[in-house]
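Everything on this sheet refers to the single structure shown next.
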Amino acid sequence: QVQLVESGGGLVQPGGSLRLSCAASGSMFSIYTMGWYGQAPGKQRELVAAITGGGSTNYADSVKGRFTISRDNAKNTVYLQMNSLKPEDTAVYYCNAQRFNLIYWGQGTQVTVSS
């Protein structure tokens, strides 16, 4: 069992930055692929960025060059650095851990980009 707790969301102006954190409980964190998903009002939850245990990353086209996902396996934590934020980035961001058929979700953290 893995429990995920996100933090770092909030209100930011367009062009600003935020760093989201996701702390994971449980053992063997390093073997999980970790991801951040965003769900805007009225829309489906979509992958924003993911990072494998080996450090390979994948990004949605809409965030390439602006967001960076990273992980610290010693701290059981995954991060999402969000730069040059746009109003369309507004969403609830969920942390996700996956390994084969095991999938875990955090409770989500709200990110609002508005002037």
Within the range 1-59, which residues are within 15 Å of E88 (Cα to Cα) and more than 15 Å from the chain's Cα centre (by Cα)?
L11, V12, Q13, P14, G15, G16, P41, G42, K43, Q44
Qualifying positions in the range 77-102 - over 12 Å from W36 (Cα atoms), modelled with pLDDT of 95 or more and not hydroxyl-bearing (S, T, Y):
N83, L85, K86, P87, E88, D89
Just to be sure before I move on: is R71 out of contact with any Lys or Arg (no Cβ under 9 Å at 6 or more places or on another chain), buried (at least 17 other Cβ atoms within 10 Å of the Cβ) and closer than 19 Å to V2 by Cβ in the structure I sent?
yes
Of the conditions (1) touching a helix residue (DSSP H, G or I) at 6+ places or on another chain (Cβ under 6 Å); (2) in a strand (DSSP E or B), G53 fails just one. Which one is it?
(2)
Please work out which residue is most open to solvent (accessible area, probe 1.4 Å), limiting yourself to the range 89-103 and to residues that are touching a residue at least 12 places away in the same chain (Cβ under 8 Å) and among the aromatic types (F, W, Y).
Y94
Pairs needed: first member in the range 5-33, touching a residue at least 60 places away in the same chain (Cβ under 8 Å); second member anywhere, of a type in the set (D, E); C-beta distance under 8 Å; at least 6 residues apart or different chains.
L20/E6; C22/E6
If you scan the range 51-77, which residues turn out to be among the hydrophobic types (A, V, I, L, M, F, W, C), in contact (Cβ under 8 Å) with a residue 12 or more places away in the chain and more than 21 Å from A40 (Cα to Cα)?
I51
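Name every residue in the range 75-88 that is open to solvent by 10 Å² or more (accessible area, probe 1.4 Å) and over 10 Å from the mean Cα position of the chain (by Cα), in order of residue number. Reasoning before the result, please.
Restricting attention to the range 75-88, the residues satisfying the condition of being open to solvent by 10 Å² or more (accessible area, probe 1.4 Å) are 75-77, 79, 81, 83-84, 86-88.
If the condition is that a residue be open to solvent by 10 Å² or more (accessible area, probe 1.4 Å) and over 10 Å from the mean Cα position of the chain (by Cα), then K75, N76, T77, N83, S84, K86, P87, E88 are the ones that fit.
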Single match in S30, S17 (criterion: open to solvent by 20 Å² or more (accessible area, probe 1.4 Å), modelled with pLDDT of 95 or more and among the small types (G, A, S)):
S17
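Residues G106, G38, G65, G53: which one is open to solvent by less than 60 Å² (accessible area, probe 1.4 Å), under 19 Å from G16 (Cβ atoms) and not hydrophobic (A, V, I, L, M, F, W, C)? Steps first, answer last, please.
Values: G106 fails: under 19 Å from G16 (Cβ atoms); G65 fails: open to solvent by less than 60 Å² (accessible area, probe 1.4 Å); G53 fails: under 19 Å from G16 (Cβ atoms).
Going through G106, G38, G65, G53 in turn, the sole match is G38.
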For L11, are the conditions met, namely being among the hydrophobic types (A, V, I, L, M, F, W, C), part of a strand (DSSP E or B), out of contact with any His (no Cβ under 9 Å at 6 or more places or on another chain) and exposed (fewer than 13 other Cβ atoms within 10 Å of the Cβ)?
yes
Run down G65, G55, G106 and say which single residue is among the small types (G, A, S) and within 12 Å of G35 (Cβ to Cβ).
G106
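The values are calculated or read from the model by the stated rules, or taken from the named source; none is laboratory data. In this text the structure is predicted, and so the values were computed from the model without any measurement. FYI the Cβ positions are ideal-geometry reconstructions off the backbone, even for glycines, and counts take in every protein chain you see. Protein only, heavy atoms only, side chains kept; ligands, DNA and RNA dropped before computing areas. Shrake-Rupley method; radii C 1.70, N 1.55, O 1.52, S 1.80 Å.
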